[in-house]
1. Given region A:385-489, report the % of alpha carbon pairs whose separation exceeds 18 Å.
2. Please report, for B:P473, the nm distances (one decimal) from its label point, 7 Å out from Cα along the beta-carbon direction, to the equivalent points in the remaining copies, shortest first.
3. Once you keep just the Cα pairs under 8 angstrom separated by 6 or more residues, what percentage relative contact order results for region A:385-489?
4. Can you give me the span-like helices of chain B, meaning DSSP H runs with 20 Å or more of Cα extent along the axis and Kyte-Doolittle mean at or above 0.0?
5. Averaged over peptide A:442-454, how many Cβ atoms belonging to another chain are found within 10 Å of each residue's Cβ?
6. Using mean Cβ contacts within 10 Å as the protection proxy, how do A:41-49, A:114-122 order, highest first?
7. Grab the beta carbon distance between B:E351 and A:T139, set R0 = 51 Å, and tell me the FRET efficiency rounded to 0.05.
8. At R0 = 45 Å, how high is the FRET efficiency between A:E402 and B:H187 if r is their beta carbon distance? Nearest 0.05 is fine.
2 protein chains.
Amino acid sequence: MPIPPLASGPQGPGALRPLLDTVLDALGAGAEARGGPLPAGGPEAVAARMRDALGDPLPAEGDPQALHRLVHALTAGSADPADPLCAAHLHTPPLAVATAADLAASVLNPSLDSWDQAPAASALEALVTEALAKEVHPTATPAKNTPAAPAPAADAPARTTPEGTALVTTGGTESNQLAVLLARETHPGVQLICGDNAHHSLPRAAWLLGLPEPLTVPAPAGTLDPAALDHALSRLNGRTALVTATAGTTDAGLIDPLPDIADLCESHGARLHIDAAYGGGLLFSDRRRALLTGLDRAHTVALDLHKLGWQPVAAGLFAVRDSTDLAALALPHSRLRSSGGTPMADYLNAEDDTEAGFPDLLGRSLRTTRRPDILKIAVTLKTLGRTGLGALVDQVCDLAQEFAALVDAHPGFELHDRPTISTVLFRPTGASDDTVAAVRRKLLHDGRAVIGRAALDGRLWFKTTLLNPHSRPGDLTALLKLIEVAQSADLPEGTEGITPT
Amino acid sequence: MPIPPLASGPQGPGALRPLLDTVLDALGAGAEARGGPLPAGGPEAVAARMRDALGDPLPAEGDPQALHRLVHALTAGSADPADPLCAAHLHTPPLAVATAADLAASVLNPSLDSWDQAPAASALEALVTEALAKEVHPTATPAKNTPAAPAPAADAPARTTPEGTALVTTGGTESNQLAVLLARETHPGVQLICGDNAHHSLPRAAWLLGLPEPLTVPAPAGTLDPAALDHALSRLNGRTALVTATAGTTDAGLIDPLPDIADLCESHGARLHIDAAYGGGLLFSDRRRALLTGLDRAHTVALDLHKLGWQPVAAGLFAVRDSTDLAALALPHSRLRSSGGTPMADYLNAEDDTEAGFPDLLGRSLRTTRRPDILKIAVTLKTLGRTGLGALVDQVCDLAQEFAALVDAHPGFELHDRPTISTVLFRPTGASDDTVAAVRRKLLHDGRAVIGRAALDGRLWFKTTLLNPHSRPGDLTALLKLIEVAQSADLPEGTEGITPT
């Protein structure tokens, strides 16, 4: 067997072209075979079809048809967020231009753990994260984190304004971990305080990092209660707190009262992290940016451009108001160096190389090998501009308003509340929680719609997260119709399992 | 401005086609503009060119030319691992077929945190990781981790053989973190013991997870010394140890004496993790699999298919001999559920949905949103088969042997040792360490070659990691010539910085 071609090098584009044609063909045919927003038949049937398409996962001899067959099978078995009836989660249909750019990242395969694996990619990451850091913390002077920028002289005057920066992460979960880690390192003995509306990754981060369980503050209306936070902060007996607030809760897309929380953190000397994984994209909209007032007062912010940013996963960002906080990430390296032992990552960041101007990139992530997710982000920001990106944000938020009005006017449905971002919660009038859960599962099982669920105010609701800028109100009318049919035709009140078709 | 097209949905393939043409064109033209394995001019010049190409990272209005311009600039500024003279790191040129498959992952954008975002992708991941787990731990019965598989009955007989499984990770660093985390959770008070040849991510994981600093065991010849390990294990006063061994060290590509280490771990009741991020790919080669004898005795194993597996980043795997160890990953969720509070991730894994057959995927990663890196891996395993993948492994290992012989026969160079995998260390005869470092930087600065460095036996060596199956011995003869020219023409003995051209 001849050695198979590589993606880059002089023969790369020529070798890729027919393979990309194969992928596009399989994507089209697979979507046609699926014929809806997700595959029909439920988990067992989908797994069985995938097993048949795959066969022996590691056969003795190769099969040149595998690319088409597996891409076709994956497409036929996918829940496609570009289908207007796939609207459950923060599961974004990516823009074609971002996806095309991401191909170049795979082809060139730079790894952002050393300059000599990623000369241009490391420079691009520094420039784009600097610009995005400025969006989050406009009053902080952006850090000069371009790899080639000279280090400040030892006798430089003390800074008066903190310098902001941003790291690229795999998503809100990693960003939230970093927020807790930086707090642990800068404030030993720190106590994490979360709203009970916080993302599950925050208590998980405390567990991961060996910290005590977080204090939980009630969020009776879905957003963190400032009076309860004040009470919790008053009882810390001198310990420093890391307070986390949410801008875009997972269940209802709500935004905590950020200015009040920031005031409380300031008066109690607490550190503030805002998980804006979902809501952060509102920064791009002139009409909606004010919803995030107070965001810039957080020490750290999580923001996912694979949510309101239309990137393929992953495109997480972690913005830090004062870049000197990041010294904590380099700490274990420095400690090893100064302990007189062999510098443990000498192959990536030898001191004489750093002194000679080759930047040390290891302090910018908890990962070592790291894909340049910044390329698709950069291409998207430049191709759309702030205006184009803001228009997409407004489009899905406006659509959510329209859908909420549609639900509210419909006698068969009850609306939870007007949406803050693009999440709409509703339920069939008078239905039991079991019916809500069963209808959702039936629509999933039959391959008709992907809608989510959320427990709020003691009841279970359907959750739709509208992230598809091409969806139209008519699509959502159709969604309501599907729910009515599923509810009336097949489901006696209280049905719990999947009703077989 | 019209709403820009999405990557998937009925219009996806048609929208993508011209954009992919743009990317392929920019990749070709960018490589031509670079004209070598990496861009010339050093970090400041590369960053300046990237800054010019980018302009304002977030302009008010969009620019439809951005895709071509940025992909061109990134390509022109990349270190291309498909160039035979780019041979420093574990930085792999990806296969065209794997890269094409990865495009489909970006297009469909499934996220592996819930079944209804990834019906087929979660099934594919279960099947392929099961097969790969069996490669690492062939004696363990593979776990039935297919999402649709029924859970064992409560009155099922106790298992006699542990069931293996594997998780997909972002790379060796995350896999090593998971190894330390599982040890922390299954053996409270565990003491990490690493060779001083271990990857820097292991002491970093101990720090991250709030554990004491690892005990370090000497590796005087580049591999962990079993006598020293025995001594360390004998002095733990009853604490359980997690011993980490390395199969493919970063500096020299050496493999620790795995059977001896496994014997010691067994006799001392210690847990064993093997970091085979580099060497794990030897499993695919019939001629070289025996180098990994003892691997299957480890409780956990890290293996990166973006190294000896020719995948675009990321394609990390974490194999676990006994899948019940993974219960630790689900722990914080269970704890929250049983504490009577709101289950924190109810939107992804509600109990009634799980009971109704919709699998809970959250216990398979520390991340939440997660890209299906398994697709490119599956397509590669099927397209090449074990024979084809093994041939690639043998190709680069044989090339390393040839290169070592070439160096050994050359009067101007000293060979460190015959390579174990595909890493060759050498240095100019009689040169100082400063010269070695300066020659490497000069080749980088001038855009002529990417070679690495490693400090071993008290001296600095050039490090080449051969991972390009298309490289030929003639390419490596050219590399030696380049080094001779750089050394003789420009560098007085002891030059430390980059010599400007």
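1. On the way: 2529 of 5460 pairs.
That fraction is 46 percent.
2. Nearest first, the other copies' label points are 7.6 nm away.
3. Values: 129 pairs, mean separation 27.6, N = 105.
Result for region A:385-489 is 26 percent.
4. Numbers: long enough: B:12-34 (32 Å, 0.31); B:119-136 (26 Å, 0.73); B:172-186 (21 Å, -0.13); B:374-409 (43 Å, 0.89); B:473-490 (26 Å, 0.44).
Once both thresholds are applied, what remains is B:12-34, B:119-136, B:374-409, B:473-490.
5. Working: counts 0, 1, 6, 3, 0, 1, 0, 0, 4, 1, 5, 5, 3.
Across the residues of A:442-454, the mean count of other-chain Cβ atoms within 10 Å is 2.
6. On the way: A:41-49: 20.0, A:114-122: 28.3.
Output ranking for A:41-49, A:114-122: A:114-122, A:41-49.
7. Working: r = 45 Å, r/R0 = 0.89.
For R0 = 51 Å, the calculated efficiency reads 0.65.
8. Details: r = 56 Å, r/R0 = 1.23.
Given R0 = 45 Å and the Cβ-Cβ separation, E is 0.20.
Throughout, read-outs are computed from the coordinates displayed, never taken from laboratory work. These numbers come from a predicted model, not from an experiment. In this analysis, Cβ positions are derived from the backbone assuming ideal geometry, glycine residues included, and neighbour counts consider all displayed protein chains.
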